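Below: the structure, in structure tokens.
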Amino acid sequence: MREFRDALPPELPARTEIIDGNLIISASDRTVQKFFESLSPDIPLRTEIIDGNLIVSPFGTPRHARIARILSRALIPVEDANGWESFDGNVDICIEGPRDAMAPDYCIVPLDAPLWGGREILSSGVIMVAEVVSPGSTRTDHLVKPGVYAGCGIPIMMIIDPVSSPPAVTVLSDPEDGAYRTAVHAELGKPVRIPDPVDFDLDTSIFL
């Protein structure tokens with residue numbers, strides 16, 4: 001708790017609790033959104049709004065960041081061919097409707113992706129997101145975020161899970177009614193297909 005307190009403003013809104021190593025701040029939607037918008041972009045913590053709660057967690061390990069960067073490099077040919085750009089872990093996505101704020105480990109967007117203010121990319125402009133699972137994010141990455149991303153129509157979500165047994169990659173696509181209809185699962189080391197609009201065969205051995 002101390003590492004969160006040292007980095008966050010002294011006055012936290014409403015109820016706070018620690019779950020799986022993450023600080024959960026609960027209050028009214030307006031209070032949480034206002035508090036999130038007041039945070040400095042240089043804060044040394046990862047902050048997201050999920051289901052109206054502000055989730056504050058430490059940044060991932062070097063391995064976590066390395067996997068996101070490896071994915072980014074692998075998909076550079078796709079970006080160049082389509083005039084897209086990518087971000088690995090340093091932008092927020094505003095989920096249109098509830099205005100939740102997500103911080104994916106990786107995302108692909110068009111160069112002219114719409115913005116919400118100066119800090120967030122609107123979810124309607126996002127082509128693909130990816131999350132790298134850590135011990136404290138297993139439930140959120142596998143069970144919560146797919147529904148959020150599918151619900152706002154992001155075409156593809158990839159989950160790279162180096163902490164599962166065996167380590168694996170899951171590619172989710174075809175969002176409809178708040179869920180992805182198609183899921184392709186592969187152990188790390190085996191190829192996996194990323195469907196349209198990305199349209200790329202990924203060799204997941206690059207993550208080993």
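The values are calculated or read from the model by the stated rules, or taken from the named source; none is laboratory data. A quick note: this is a predicted structure, and the numbers were derived from the prediction, not measured. Using ideal geometry, Cβ is built from the backbone for each residue, glycine included, and neighbour counts are taken over all protein chains shown.
Can you find a residue that is at pLDDT 95 or above, touching a Cys at 6+ places or on another chain (Cβ under 6 Å), closer than 23 Å to MET157 by Cβ and crowded, with 16+ Cβ neighbours inside 10 Å anywhere in the range 70-87?
The answer is yes; a qualifying residue exists.
Hey, which of the strands (runs of 3 or more DSSP E) in the range 147-206, taking only ones fully inside, have at least 1 residues that are within 23 Å of PRO98 (Cα to Cα)?
Once the strands (runs of 3 or more DSSP E) in the range 147-206 are filtered for at least 1 residues that are within 23 Å of PRO98 (Cα to Cα), what remains is 156-161, 168-176, 179-187.
Among the residues of the range 88-127, write down those that are under 11 Å from the mean Cα position of the chain (by Cα) and either free of Cβ contacts under 8 Å to residues at least 24 places away in the same chain or part of a helix (DSSP H, G or I) (or both).
Scanning the range 88-127 gives ASP88, ASN90, CYS107.
Does at least one position in the range 170-181 carry a residue that is among the aliphatic types (A, V, I, L, M) and free of Cβ contacts under 8 Å to residues at least 24 places away in the same chain?
no
Looking at (1) out of contact with any Asp or Glu (no Cβ under 6 Å at 6 or more places or on another chain); (2) farther than 20 Å from VAL148 by Cβ, can you tell me which one ASN53 breaks?
(2)
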